Amino acid sequence: MNLKLDNKFAIVCASTKGLGFAVAKSLLNEGCEVLICSSKEANISRANEILSNEGLKNFHSLKVDLSTNEGVVKLFKFAVSKSKRIDILVNNCGGPDQGTFDDVNEEQLINAFNKNLKNIFTLTKLVLPIMKANNWGRIVNLTSIFGNISKEYRALYSSSKFGLDGMTAALSAEVSEFGILANSVGPGFIDTDLTRSVLGDKGISEIKKGIPMKRLGQASEIASLVSWLVSEENTYISGQNIMIDGGFSRV
């Protein structure tokens with residue numbers, strides 16, 4: 001692709017491994033300046049080494065815990081210290097919280113919504129004035145197929161991810177007139193370390209049977225879609241929840 005992102009600055013949350021890292025790499029390869037972050041120093045060091053070895057230099061990295069309001073503010077202030085512009089925000093936060101509905105306690109509920117919704121809302125609210133001042137911005141919230149469909153033991157995860165998509169739709173309605181396009185992207189079962197640790201080989205074999213393409217998705221496939229959505233090539237897609245799941249959620 002040639003998405004002409006040379007003059008853009010992006011924040012990609014949770015971006016030192018998995019889907020977030022794939023998105024960050026894709027944007028860097030398109031010429032974008034990217035801020036990557038993680039709560040773990042080891043993950044940051046590993047990501048820095050990989051990117052540097054691949055000749056990608058136009059990035060900044062920060063150790064920060066985005067499950068807290070203080071972490072969100074820290075990330076925003078760091079971004080502002082590195083660039084007067086924040087053109088792109090990719091919110092890639094949250095994890096596969098599972099458990100029976102009866103067993104969910106209030107602390108788990110609060111933690112899930114803080115991680116998957118509240119702190120994303122806060123960070124987006126912080127960057128919006130900068131995007132409005134520039135009359136241009138692109139926001140992508142990584143939701144999940146379970147923010148569009150659901151199944152047993154996903155009450156916490158689906159509640160928060162459905163909520164994130166609702167936030168995206170409302171946000172799009174408010175800010176599109178300022179040249180800011182906001183979309184959700186819902187990955188299906190993607191071949192990442194997290195997927196393999198959660199499902200295991202047997203679980204992955206079973207899942208593949210239910211995917212029309214009979215395979216897991218690749219992180220690079222998600223990254224390509226996100227990169228296009230946040231580029232100037234996207235001029236009219238906003239407020240959407242785009243599933244990228246090999247057809248899983250449609251059958």
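The values are calculated or read from the model by the stated rules, or taken from the named source; none is laboratory data. Keep in mind it's a predicted model, so treat the numbers as computed, not measured. Don't worry about glycine lacking a Cβ; one is built from the backbone with ideal geometry, like all the others, and counts go over all protein chains shown.
General observations
- Set side by side, the residues Ile120, Ile86, Ile110 differ, and just one is in a loop (DSSP other than H, G, I, E, B) and closer than 26 Å to Ala170 by Cβ, which is Ile86.
- Within the option set Thr168, Thr122, being within 22 Å of Asn241 (Cα to Cα) and in contact (Cβ under 8 Å) with a residue 60 or more places away in the chain holds for one residue only, Thr168.
- Subset of the range 187-213 (residues that are hydroxyl-bearing (Ser, Thr, Tyr), assigned to a helix (DSSP H, G or I) and surrounded by 13 or more Cβ atoms within 10 Å (Cβ to Cβ)): Thr195
- Taking every residue in the range 9-21 that is in a helix (DSSP H, G or I) and pairing it with any residue that is among the hydroxyl-bearing types (Ser, Thr, Tyr) and buried (at least 24 other Cβ atoms within 10 Å of the Cβ), at least 6 positions away or on another chain, the pairs with Cβ-Cβ distances below 7 Å are Phe21/Ser15.
- From the list Leu142, Leu171, Leu164, the lone residue that is buried (at least 20 other Cβ atoms within 10 Å of the Cβ) and either more than 15 Å from the chain's Cα centre (by Cα) or among the basic types (Lys, Arg) (or both) is Leu171.
- Residues that are closer than 18 Å to Val251 by Cβ and among the small types (Gly, Ala, Ser), drawn from the range 148-163: Ser150
- Hey, Ser150 within 21 Å of the chain's Cα centre (by Cα), assigned to a loop (DSSP other than H, G, I, E, B) and either surrounded by fewer than 20 Cβ atoms within 10 Å (Cβ to Cβ) or modelled with pLDDT under 95 (or both) or not: yes
- Number of residues in the range 214-251 that are farther than 23 Å from Thr16 by Cβ, of a type in the set (Ser, Thr, Tyr) and part of a loop (DSSP other than H, G, I, E, B): the value is 3.
- Test: residue in the range 132-140 that is under 26 Å from Asp6 (Cα atoms), modelled with pLDDT of 95 or more and touching a Cys at 6+ places or on another chain (Cβ under 9 Å): no
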